[in-house]
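Working notes for the structure below.
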Amino acid sequence: MGDYWTTGRDTSSTMSGSARALTAGIVMVSWVALLWLLEGIDVLTGNALDTYGISPREMAELRDVVPAAFLHSGWEHVASNSVPLLVLGFIAALGGLRRFAAVVATVIVISGLGVWLTAPDFTVTLGASGVVFGLLGYLLVRGFVDRRPWDVLIGIGVAVVYGSLLWGVLPTDSGVSWQGHLFGLLGGVAAAFFFRRPPARRGPDNLVTV
């Protein structure tokens, strides 16, 4: 007999979606747990890990751009970053771990270099908030860059819940690195363009032959 189109639900897609969600959840819970573990080590060693924060415009400090994103200046600091990092990271990781890793790496480098270049003298900057702002920027524009309506809706939802964080890019608190926030946000937006998805191909994905 001939071919016909079916609109039946693709159960394999549901299964793969569940697997992606589980993997994304494991990755983000493990990441946040690592941040708390590192802060515990820092406390037990008399803040010895703080030396891996970024001191601006010192060539030797460029090597601290990456580790600085995983360290914090106290329990309150790591707690304030944990929930938004967990939520935004989980949403971003649902799109695939390779892309997620590339986005995070881009954000860490751009945010860290921005801090290194523009932070005030005699300061040490550390914390995951640059990554938080980067993931926020990435999710806000990803749907428009990829031209995927579902991701646009996700971006709108993220804006509703976390849009107030954008005030953090302004120099309103001398004890908070607005530079890390601003360059993290810019890094996330840049990553959305760097790692944009190719246009979706239309084809007989649900074609069934009988």
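The values are calculated or read from the model by the stated rules, or taken from the named source; none is laboratory data. Keep in mind that this is a model prediction, so the values were computed, not measured. Heads up, the Cβs are rebuilt from the backbone with ideal geometry, glycines too, and the neighbour counts pull from every protein chain shown. Remember, those area values only see protein heavy atoms, side chains included, never the ligands or the DNA or RNA. Shrake-Rupley method; radii C 1.70, N 1.55, O 1.52, S 1.80 Å.
Restricting attention to segment 40-75 and to residues that are under 20 Å from the mean Cα position of the chain (by Cα) and not in a loop (DSSP other than H, G, I, E, B), the residue that is surrounded by the fewest Cβ atoms within 10 Å (Cβ to Cβ) turns out to be 67.
Set side by side, the residues 156, 110 differ, and just one is within 17 Å of the chain's Cα centre (by Cα), closer than 19 Å to residue 86 by Cα and either free of Cβ contacts under 8 Å to residues at least 24 places away in the same chain or open to solvent by 20 Å² or more (accessible area, probe 1.4 Å) (or both), which is 156.
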